[in-house]
1. Pop out the ³J(HN,Hα) list for the range 931-944 in order, Karplus 6.51 cos²θ - 1.76 cosθ + 1.60 with θ = phi - 60°, rounded to Hz; leave Gly and Pro as x.
2. Just report the Cα centroid separation between the range 174-215 and the range 922-960, whole Å.
3. Calculate one ³J(HN,Hα) per residue across the range 140-153 by plugging θ = phi - 60° into the Karplus curve 6.51 cos²θ - 1.76 cosθ + 1.60, and present them in order as whole Hz with x for glycine and proline.
4. Relative to the compact globular guide of 2.2 N^0.38 Å, what is the alpha carbon radius of gyration of the range 374-419, as a ratio?
5. Would you please give the residues with an amide H less than 5 Å from that of residue 997, counting only those at least 5 places away or on a separate chain, with H modeled from the backbone geometry?
6. Can you tell me the mean projection area, over all orientations, of the convex hull of the range 834-933's alpha carbons? Units nm², please.
7. I'd like the distance separating the alpha-carbon centroids of the range 887-919 and the range 257-290, in whole Å.
8. Could you order 894, 1075 so the one with the most accessible surface comes first? Probe is 1.4 Å.
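The values are calculated or read from the model by the stated rules, or taken from the named source; none is laboratory data. Just so it is clear, the model here is predicted, and its values are computed rather than measured. Backbone-built Cβ (ideal geometry, glycine too); neighbour counts: all protein chains shown. Remember, those area values only see protein heavy atoms, side chains included, never the ligands or the DNA or RNA. Shrake-Rupley method; radii C 1.70, N 1.55, O 1.52, S 1.80 Å.
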Amino acid sequence: MTLVPGIPESSSHVLAEFESLDPLLSALRLDSSRLKCTSIAVSRKWLALGSSGGGLNLIQKEGWEQRLFLSHREGAVSQVACCLHDDDYVAVATSQGFVVVWQLNQERRGKPERIYVSSEHKGRRVTSLCWDTAILRVFAGDHLGKVSAIKVNTSKQGKASATFVMFPVQTITTVDSRIVQLDYLDGRLLVSSLTRSFLCDTEREKFWKIGTKERDGEYGACFFPGRSSGTQQPLIYCARPGSRMWEVSFDGEVLSTHQFKKLLSSSPLPVINLRSEPEFNSTIGSSQSLIFPKLLYISEHYVLTWNERGIYIFIPQNVQVLLWSEVKDIQDVAVCKNELFCLHMNGKVSHLSLLSVERCVDRLLRRGLWALATHTCLLFQNSIILGRARKTLPVDKLEHLKSQLDITTQSDLIAQLEELISKLEPLDSACSSRRSSISSHESFSILDSGIYRVISRRGSQSDEDSSSLHSQTLSEDERLKEFTLQHEEERPDQDTVSHASVTDESDRNEAFLPFGIPLSFRSSSPLASLQAVKESVSSFVRKTTEKIGTLHSSPDLKMRPEPRGGEQPPEEDANNIMACPQEDENEKDVKSQPSEENKLHELNEATTATVLKLQDPQVLFQPTSLRLVLQEWLLHLEKTFAMKDDLIISETVNSNVKTNQDMTLLDESKKEILEASIGQEQNNCSDSENSVGTITNEPVNFSREMSDDLFRIHVPCFIENSLQKDLAELTTLCLELGVFSSNVTCVNMDQDIQQTWIPACQFIKKYFFLLDLERVKHCAKIRYSDDPRVWDTYVEGLKEMARSSPVPLEMEDGDMLTVLKVLDGLTRSDNSLFMAHVIRLYEKFGEKALRCLVKFFPSILPSDIMHLCRNHPAHFLVYLDSLVKSKPEDQRLCFLESLLQPESLKLDWLLLAVTHDAPERTYTVDDKGCPRSHSHLFTWGYRDLILLLIKLPASFITKEKMIELCKYHGFWPGYLTLCFELDRRKEAFTNMVYMNDMRIVGAENGWIPETVDEWKLLLNLASSIGNDSAPEETPDRSNSSDSSSEPPLITVENVALLLAKVMGPDRACVLLQECGLMLGLSERFTRICNILRIAEKRQRALIQSMLEKCDRFLWSQQA
């Protein structure tokens, strides 16, 4: 495990996501392709989610259980606003421009009712909603700049008032551009448009323009209320171009301009979530010139905004950036105290909390997320070290966190955490003075209550062990009791607005979350908590004892059987024989250490020089020069790690000899055989020197011979991180350019790529521990796509890596659901190891596993599955179809296009789709290559995928190849779509007649004749081809998707009826006479034409009557 780098500067706050709202959206059916979330709002009690189907879901935040559903027939919900001073009222704006105000009647336990519907903005798009902070009044702004106020009456005002009093809608103002944001505070309305911000005094009906300079774009504005004491007047902050903000007084006067452009050059802070470990990129970027589309007041001290890149939180009065974090594709954000609910472009909703770093770690500890809490502490160690963090994170909690880590697999984290604990500052300066009074032979820790727990170090080691266990158990129990009491005392009233209540509100709601984890520090009884602490302490002591035993154990301390009295042990001769080689071996090891260090030093120098050479453009952009430089460097690499091979081989030989000795010592029955063999070996050694050389050289040659077939997974010696990174870069570059050895000429991969797979496979096996496995996978898929043996070698290496992991054991013993749960919980930071487990999953469960692998995209890409299933293309189609269908319907086309790189994959995937799970070609195409009657009704297993591939943008040549594929295999819906796209309409209408289904020729598909010539062509084809194909029946209609009802056939009469409906009966009769087809029509056609003429006359009369009534009404209004 690598070291966790700390954030250089002290960051006091962080965004954390403690639970996922995906189960909630799934329960509300807002994760389907038909319905998705379109708007969001939040209050102290409710989370409001508007949907594209016109529904509004109200979920109670406390427990996420009770919910209300409000439906709207006026269109999709575009904006939602919750009344902040009364949770019983919600305002909704629909896509048709209606504003609906609801009273929920939760106090009386009645049904929600509409108390007002405003059509003031009908036909417009409402872009912002805002509630008055004192009375029941809603402000609405639309895309044309109109702002209106709706004062609503309710049943709480009395029955008479509710029945007879209807407050009118008041137009506040109309500005010159779209309304971006509305905000209200203490009788004043803040309006932000595309060009400027306005301040409106709604009581005195006065208006001010804020500032003199205009802007062009979406810039928000918000009020910044004064302190709770009321001594400070509220302020206004308005977004300006170039990452700036105006600070404006409550009277509309610009006080100053704050510039945040340079402050935003810092790296983004990670979002703490339960899915992955936090990572921080310490590279300093350039200053950001951003547009702040909306400004939101959050947590009494800060202003929040966002864009397509991330979330930004400022301390505007101090001109500081509290934090900014990367959260992609945000459409809108709703804020309540320190909680953020983010609506994303794809309709997903995420729940974030703004917390101090120490409180975030504390909540992770309560959930028992020890590894994530440790990573967070190490990442934000500059904040954890400060004394103010001791109130929330005393030393005891961090010591308890350290004891919960696994000493075998998380030793690096334990070491870093110990170093962090040694740097901790006390709670205040008084703590340091108290600390100095304690003697140096005593250690102590501070409890949450402020009590110092002192552990004496006097006496023997056994006294320390026994007393420390007892004192630790006692102190843990006391700390748990104090923690419980403190947690109960810290629960504030829900109506308070202090900062403490803001941070504790999210902690209080945590107990009601159904998808949360129970708090680890909270216990049901003192006895249970004491028992839990004793178990944790005993586990820690056991792990420590095992570690000490491992460190002190040595192979030289093995028990040997004592020789019998008066007898010389038979092992003595063997020991005498092997004494000299062992002494020589030890001397060689001592001598090899400086040479090993020298060769590593030479390799480091050669690597540094090679990296500098690669920075020269004349070397980097010339393949020949680049390969020569890599070939020179590869010589040093081979020397260094060839020496490592010799050391490993010698260790293998010694271990084999030692193993034979141990087996002999344990097996008394074979002692005589051993003595004979040892004596024979001794004679051979004394007689012939060559025989000894043969014995010593054979295992080495055998190991070197087998080294080509074995993977080198682990690093043979310690290599610094910087050198390891450079070695990985250069070694991977050698593989990509075909530089496999320093002794032979580099192979030109473009000319003779088929002959490079053997040295490429050997190179991968030899330097597997150095290679960048992600680039190796890409190289195997792209450079060696024609020879799958390189991919097979890469897969074998991954299996060797995963062989020591506990996950394969779960795979072999458990069912697929168990394995998927294990994989889902597995961290995806090591994507190569994750890929190895996926390969094992597919090998065991086959096609069933592929449908479940969709959830791991993009960690697993379709190109990976395509190579994995190259021997079973149908399996790849199953995965690809499931992956595409997992996306919303309106995003599938763009998503599929992003997967198709290069463009040639379109034809490959299309060929796979039309040849698998498809009807036989003889059922869809006749001997002449024309469609059979009703052959377009057959069921195709991958019909949706084929249609998406056809709709993708492509070159003209690719589209023509797609037409040929569809025509050859008889996929006629796709064939017709491509014909009309490429303007081959005549060919399309001809094949339509062969299909003999009148439903194809209609306005629903857009496949209808547009000109008189096309109508004549269709009529002539129906009279000639249609009569011949009409009697033909579709073979094997059981495979048809619509065999229950026969479709209408393409006949002259049916085409003529469609012509009469489209062009009118009179024009249709004229055109039929020109074609000479009027005589062949039946009386039914004549009757329908007469009905159509009557319907046209009545429709004209009705329109005339309505116009006259409107005219009379308008004249009466003027009078």
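1. After applying 6.51 cos²θ - 1.76 cosθ + 1.60, I find x, 7, 4, 6, 6, 6, 8, 5, 8, 10, x, 10, 4, 4 Hz.
2. After rounding, the separation between the Cα centres reads 58 Å.
3. Along the range 140-153, the couplings run 10, x, 10, 6, 9, x, 8, 10, 10, 10, 10, 9, 9, 9 Hz.
4. Details: Rg = 10.6 Å, N = 46, 2.2 N^0.38 = 9.4 Å.
Normalised Cα radius of gyration, the range 374-419: 1.12.
5. Correct list: 1050.
6. Working: hull surface 33.0 nm².
Quarter of the Cα hull surface area: 8.3 nm².
7. 37 Å
8. From most exposed to least exposed: 894, 1075.
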